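Beneath this line is the structure, given in structure tokens, with notes to follow.
Bear in mind that the values in this text are calculations on the coordinates, not laboratory data. Treat the numbers as computed from the prediction; the structure is a model and nothing was measured. Every residue, glycine as well, gets a Cβ built from its backbone with ideal geometry; the counts of neighbours run over all protein chains shown.
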Amino acid sequence: DGSTGATEEAMSGDETIAIGFSQVGAESGWRAANTKSIQDTLTAENGFDLSFSDAQQKQENQIQAIRSYIAQGVDVIAFSPVVETGWDPVLQEAKSAGIPVILTDRAVDSEDDTLYESFIGSDFVLEGEMAGEWAAEQYDGEGYKVVELQGTTGSAPAIDRKEGFGSAIEGTDLEIIDSQTGNFTRTEGKQVMEGFLQKYDDIDLVFAHNDDMGLGAIEAIEAAGLTPGEDIKIITIDAVKDGMTALSEGKINYIVECNPLLGPDLAEIAQKVVAGEEVEKRIVVKDEAFDQEAATEALPTREY
Ligand code: GYE
């Protein structure tokens, strides 16, 4: 009857979770897929009222967004920190306001782990190690020169992927002859690779911290009259559609996956946190790796 319906409506109204999400930016295909996953999951239909903001890869914009979510009095704040350090003051403000914080994708470097409830994301060190192990297998007995395109300086994936790769090739004949940031974008990846190609004529392999920078490197290599995937091998991380397409065409040689579909885990953890339930402090997303054949097979059903 009518009154029951009204009660149900009032109840579901009460349960709507106001969530503020501060995204890193729109720097890559991975980021676009991550944003879509979050926006498609944190919907009114699923009981969320989402405020979303894009920080354009600037920490000050993220701090400002988090402060405005605190002022709005949302039920929960989630964000993907562009860099690792410098978050304690604003996280302390959220804590004082009684608003729980969930980290997605990237970690913060803080000694106080009571400043957030949970961190959902991939193990970037492991991704770097997987990339390094594959690179080490490419060694042809003649010394092997590697250039590295790093992600955004100070970001968790750039720090951890560099570390993982470095430790996996330690003690091998692979040598990282140069390493610079391309800020996770195609444009900067291309620019940095152009510089490397002018400086060195003996590059064997490019390790790019994401697909987009690898795709930029392909453009630079082709413009220099070389064949990507043959004259210079390329390994990247992410496995988004454009990267997987280049892999299936043989322009990239190997990709370690980083799953961007974090929306469903975030929704679940946010519901639990708001309901006062215990949640796991660290939720590790599992990743695979692809060679040309596996990419060709996976592409038709790939979601992102
Ligand atoms: O690899 C890159 C994006 O934080 C895991 O950020 C993410 C990284 C991803 O720009 O493409």
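Between TYR200, TYR144, TYR254, the Gaussian network model of the chain with springs among Cα atoms under 10 angstrom shows the greatest mean-square fluctuation at TYR200. Length available on full extension from ILE176 to GLU297: 0.36 nm per residue minus the Cα-Cα distance, which gives 40.4 nm. Based on Cα contacts under 8 Å between residues 6+ apart, the chain shows a relative contact order of 18 percent.
Per-residue Karplus couplings for the stretch 196-203, computed as 6.51 cos²θ - 1.76 cosθ + 1.60 with θ equal to phi - 60°, are listed in order as 4, 5, 6, 7, 10, 10, 10, 6 Hz, Gly and Pro entered as x. Restricting the GluC sites (Glu not before Pro) of the stretch 228-304 to loop positions (DSSP other than H, G, I, E, B) with no more than 14 neighbouring Cβ atoms within 10 Å leaves GLU230, GLU249, GLU277, GLU278, GLU280, GLU288, GLU303. Annotation: extensible slack from GLU60 through LEU261 equals 69.8 nm (criterion: 0.36 nm per residue apart, minus Cα-Cα distance). Beta-bridge orientation, the chain: approximately 5 percent antiparallel, per DSSP, counting only bridges with both partners inside.
Distant-in-sequence amide contacts of ILE17, defined by a placed amide H-H separation under 5 Å and a gap of 5 or more residues or a different chain, comprise PHE48, ASP49. Put in order of Cβ neighbour count within 10 Å, fewest first, the listed residues THR172, THR301, THR153 become THR301, THR153, THR172. Each residue of the stretch 280-291 is assigned a 3J(HN,Hα), and the resulting list reads 5, 5, 9, 10, 8, 7, 8, 10, 10, 9, 10, 9 Hz, derived from the Karplus form 6.51 cos²θ - 1.76 cosθ + 1.60 (θ = phi - 60°), x at Gly and Pro. Evaluating 6.51 cos²θ - 1.76 cosθ + 1.60 at θ = phi - 60° for every residue in the stretch 267-274, the Karplus couplings come out as 4, 5, 5, 4, 4, 5, 4, 5 Hz, glycine and proline recorded as x. Scanning residues 5 or more positions from ILE176 or on other chains, those with amide H under 5 Å from its amide H are VAL146, with H placed 1.01 Å from N in the peptide plane. Secondary-structure-derived ellipticity at 222 nm for the chain, considering helices only, amounts to -13500 deg cm²/dmol, per-run term -39500 (n - 2.57) for DSSP H runs with n ≥ 4. Sorted ascending by nearby beta carbons within 10 Å, beginning with the fewest, GLU111, GLU188, GLU219 become GLU111, GLU219, GLU188. Listing ARG31, ARG161 from fewest to most neighbouring C-beta atoms within 10 Å gives ARG31, ARG161. Taking all Cα pairs closer than 8 Å and separated by 6 or more residues, the relative contact order of the stretch 178-279 comes to 21 percent. Rounded, prolate or oblate: which fits the stretch 151-224 when a ≥ b ≥ c are the square roots of the eigenvalues of the alpha-carbon gyration tensor, with rounded for a/c under 1.5 and prolate only if a/b beats b/c? Oblate.
What distance in nm lies between label points placed 7 Å from Cα along the C-beta direction at GLU93 and TYR200? About 4.3 nm separates the two model spin labels.
Normalised by the number of residues in the stretch 109-162, the mean separation of alpha-carbon contacts (under 8 Å, six or more apart) gives a relative contact order of 48 percent. Between the alpha-carbon centres of the stretch 22-50 and the stretch 241-300 there is a gap of 14 Å. Backbone amide hydrogens, once placed in the peptide plane, bring VAL285 within less than 5 Å of GLY121, SER122, ASP123, excluding anything fewer than 5 places away on its chain.
In plain terms, the C-alpha convex hull of the stretch 113-176 casts an average shadow of 5.1 nm² when viewed from every direction.
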